[in-house]
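Worksheet for the structure shown next.
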Amino acid sequence: MRSITKSSVVGMLVVLAAVVVVGAAVASPTQATTAHSRGATRAATVTAHPSRYGKVVFDGRGRVLYSFARDRGGSSSCYGACATAWPPFLSKSAPRGLAGVKARLLGTTKRSDGTLQVTYAGRPLYYFEGDTKPGEITCQNVSSFGGLWLVVAPSGKPVR
């Protein structure tokens with residue numbers, strides 16, 4: 001019977017770590033965004049940065065956040081295929097405001113599956129699956145799933 005030495009355990013851990021790193025490297029940015037939105041483990045952060053549409057809100061990782069004009073009463077109307085294309089920005093707890101946003105405008109709304117979606121000025125916030133890099137805004141003022149998708153100004157108003 002072969003005994004396990006300290007060096008063989010360390011070697012196995014190094015190999016395991018390498019497999020995890022390679023797996024993370026091949027995951028697409030869209031998968032990372034969707035995983036982030038669906039698997040939030042801490043308080044989401046919201047900040048504001050300049051863009052070609054003026055100053056707009058982003059998540060703490062630099063991903064732009066959109067509002068859906070079809071949402072009413074602070075509740076999301078984006079589920080199924082809509083939520084696949086426009087993943088909701090989720091948080092496990094109250095979101096935190098960073099530079100340029102008004103913390104008092106941040107909140108959450110409960111989705112039909114019980115998860116908490118971050119809101120800003122009462123508007124549920126979403127990612128767009130086609131935005132694959134921080135700072136990228138590819139679907140501003142686009143009509144999809146029965147409504148307009150618009151980035152949001154720090155005032156809380158959608159940018160047209």
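Key figures
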{"quantity": "Phi to ³J(HN,Hα) by Karplus 6.51 cos²θ - 1.76 cosθ + 1.60 over region 108-120, Hz, x for Gly, Pro", "calculated": "9, 9, 7, 7, 4, 8, x, 6, 9, 9, 6, 10, 9"}
{"quantity": "Using θ = phi - 60° and Karplus 6.51 cos²θ - 1.76 cosθ + 1.60, couplings along region 57-73 (whole Hz; Gly, Pro as x)", "calculated": "8, 9, 6, x, 9, x, 8, 5, 10, 10, 10, 10, 4, 6, 5, 10, x"}
{"quantity": "Residue-wise HN-Hα coupling along region 86-91, computed from phi with Karplus coefficients 6.51, -1.76, 1.60 (Hz; x: Gly, Pro)", "calculated": "10, x, x, 8, 9, 8"}
{"quantity": "Positive-end residue of 125, 99, 135, charge dipole of region 29-151 with Cβ unit charges", "calculated": "99"}
{"quantity": "Three-way shape call for region 29-151 based on the alpha-carbon gyration tensor, with the a/c threshold at 1.5", "calculated": "rounded"}
{"quantity": "Cβ charges +1 (Lys, Arg) and -1 (Asp, Glu), total dipole of region 29-151, debye", "calculated": "380 debye"}
{"quantity": "Lysines whose Cα lies under 17 Å from that of residue 102, excluding same-chain neighbours fewer than 8 positions away", "calculated": "55, 157"}
{"quantity": "Efficiency of FRET from Cβ geometry, residue 157 and residue 94, R₀ 30 Å, rounded to 0.05", "calculated": "0.85"}
{"quantity": "Exposure proxy ranking, count of Cβ atoms within 10 Å, fewest first, for 112, 51", "calculated": "112, 51"}
{"quantity": "Ascending count of other beta-carbon atoms within 10 Å, so fewest first, for 139, 78", "calculated": "139, 78"}
{"quantity": "Distance (nanometres) between label positions extended 7 Å along Cα→Cβ at residue 136 and residue 84", "calculated": "1.9 nm"}
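Each reported figure results from applying straightforward, stated rules to the coordinates on display, with no laboratory input. These numbers were taken from a predicted model, which means no experiment stands behind them. Reconstructed Cβ throughout: ideal geometry from the backbone, glycine too, with neighbour counts over all protein chains shown.
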